[in-house]
Amino acid sequence: MEILNNWISGINDLLWSYVLIIMLLGCAFRFTFKTRFVQFRMFREMIRVLGDSANKAHEGEKHISSFQAFAVSLASRVGTGNLAGVATAIAVGGPGAVFWMWIIALLGSASAFVESTLAQLYKRKGKESFIGGPAYYMRYGLGLNWMGILFAILISVTFGFAFNSVQSNTICAAMQGSFGFDPRIVGAVLTVLTLAIIFGGIQRIAKVSSVIVPVMALGYVALASGIVLFNITELPAVIKLIVSSAFGWEQQAMGGGAGAALMQGIRRGLFSNEAGMGSAPNVAATASVTHPVKQGLIQTLGVFTDTLLICTCTAFIILFSGAPLDGSVNGVQLTQHALTLEVGKAGGIFVAIAIFLFAFSSIIGNYYYGEANIRFITPKKSVLYIYRLAVGGMVMFGALASLELAWSLADITMAFMTICNLFAISLLSKQAFLLLHDYIAQKRSGIKSPVFDKNKLPELKDKAECW
């Protein structure tokens, strides 16, 4: 196991130190400038369109509203990355990692805009609702069917296998930290529950999860806000610590300086907000809106909500608490320890319960990302059944694996998936810019709710099958 971990870590360092960071930041800067800082100048419009009604569904079809698509993608984003990922970033990269998480969210949100707008443009009609995502804009936009299949394989492995092992690992660590439960037993229970749900009865439980997860997220934000208010006099010092550590101005006991802060901030930031990764477009494509740009704006707002709000809450809880950052406590147990120092034993128990709700709902959500792309590859049910069993196996694997191995597997598969998606949206980004220009032109002409007419954009007429 140690040899495997070292091998995976070596590949991760190569990918994240050079290829992925250059591509992530390159695309983020390019899209930010090309859209003239769409993530900032159209923030009010994001809020407005979030509540817009969807198109009237045709008889016999079930369409998903833009708000529902936002909620589903947010439920997938809010989870392990917010509670355990932030803690890991701080423990390994120091407080400065938080600063780079903020930066990658602010800039990367432009990538989220582009990929979700493209997903809307290239969506197709399914049996009951729209379907789409990166595999579709690779096939129909770039004309590269092999690339669509490659991405479908990568996202199925990343979310169904690697990410679910992280979710399972985090749940087991939280349960062991708060209640002393044996990870093997918790892992076995999680595996049985996961298989029971993905083989049937998911609709009812998914509906319950869609209510519980937002409530827990609001509860977590409320708790963190209370802690910030209670320690409000220390807030300037904490912010100063985050910024100074990000540039190595202040020597830290752990993290290896500014380089480690940068690496961990970008890694954990991407895992949490998924901007540019190619996951959120799978949900964005299902929404029924009057213009592709609307869903692009809404998914951009999801990045802000995830990283700038919830991840920041976790960071402040840890840094206010005075919890040790010397590596003796890591992952979700660091978040639990910090909350215990702030509000007593109940804090650790709250995190354990929140992690279970967040992470378990993410396991199911992650599986559906995989299933949707397995169906893109092949209609054979036998392949889907094998995939379901493999997902259950990876949930059990995550319960038994070390924290480092679980995160390393997630990092490497996430890296390959993101590279594939960034390459595609870079080639197709001009189409997203055209759509944004059309949207803004309609707004300036006095149209409150722009409507996309493909006949007015000859360059996109043959691309927009559903419009």
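Ordering Phe113, Phe161 by accessible area with a probe of 1.4 Å, largest first, what comes out?
Numbers: Phe113 0, Phe161 45 Å².
The most accessible residue leads, giving Phe161, Phe113.
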Practice task
Go through segment 225-233 residue by residue and turn each phi into a ³J(HN,Hα) via Karplus (6.51, -1.76, 1.60, θ = phi - 60°); whole Hz please, and just put x for glycine and proline.
Solution key: 4, x, 5, 5, 5, 5, 10, 4, 5
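Between Phe33 and Leu218, what is the FRET efficiency for a Förster distance of 22 Å, r being their Cβ-Cβ separation, to the nearest 0.05?
Computed FRET efficiency for Phe33 and Leu218: 0.05.
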Exercise for the section: Express the relative contact order of segment 303-415 as a whole percentage, based on alpha carbon pairs under 8 Å and six or more residues apart in sequence. Expected result: 14
Handout entry: Sulfur and carbon atoms: percent of accessible area, segment 324-379 [1.4 Å]
Key = 65
Practice task
Kindly write out, for segment 378-387 in residue order, the coupling ³J(HN,Hα) from the Karplus curve 6.51 cos²θ - 1.76 cosθ + 1.60 (θ = phi - 60°), rounded to whole Hz, with x marking Gly and Pro.
Solution key: 8, x, 5, 5, 4, 5, 5, 5, 5, 4
Practice task
Give the long-range amide H neighbours of Phe130: residues separated by 5 or more places, or on another chain, with amide H under 5 Å away, using H modelled in the peptide plane at 1.01 Å from N.
Solution key: Ile64
Completion exercise
For Trp102, the accessible surface traced by a 1.4 Å probe with all protein chains present amounts, in square angstrom to the nearest 10, to 50
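Equivalent-ellipsoid semi-axes (√(5λ), Cα gyration tensor) for segment 278-347, whole Å, largest first?
So the three semi-axes of segment 278-347 are 37, 11, 10 Å.
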Fill in the blank from the handout: Expected unfolding gain across Lys345-Phe67 under the 0.36 nm per residue rule, minus the alpha-carbon gap, is 96.4 nm
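If R₀ is 30 angstrom, what is the calculated FRET efficiency for the pair Tyr385 and Lys127, using the beta carbon separation as r and rounding to 0.05? Please list the in-between numbers first.
Numbers: r = 20 Å, r/R0 = 0.66.
E(calc), rounded to 0.05, equals 0.95.
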Problem - Nearest-0.05 FRET efficiency for Leu142 and Lys454, computed from C-beta distance (R0 25 Å) - result: 0.85
Fill in the blank from the handout: Violations at 25 Å Cα threshold for listed pairs Lys123/Lys381; Lys240/Lys345; Lys381/Lys463; Lys127/Lys456; Lys123/Lys461 -> Lys240/Lys345; Lys381/Lys463; Lys127/Lys456
Fill in the blank from the handout: The percentage of Cα-Cα pairs in segment 92-172 separated by more than 20 Å is 57
Problem - Under the Karplus curve 6.51 cos²θ - 1.76 cosθ + 1.60, θ = phi - 60°, whole-Hz ³J(HN,Hα) for segment 186-193, x wherever Gly or Pro sits - result: 4, x, 5, 5, 4, 5, 4, 4
Fill in the blank from the handout: The set of residues whose placed amide H lies less than 5 Å from the amide H of Phe181, leaving out same-chain residues fewer than 5 positions away, is Gln176
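The values are calculated or read from the model by the stated rules, or taken from the named source; none is laboratory data. Keep in mind it's a predicted model, so treat the numbers as computed, not measured. Backbone-built Cβ (ideal geometry, glycine too); neighbour counts: all protein chains shown. Accessible surface is based on the protein model in full, side chains and every heavy atom, while ligands, DNA and RNA are left aside. Shrake-Rupley method; radii C 1.70, N 1.55, O 1.52, S 1.80 Å.
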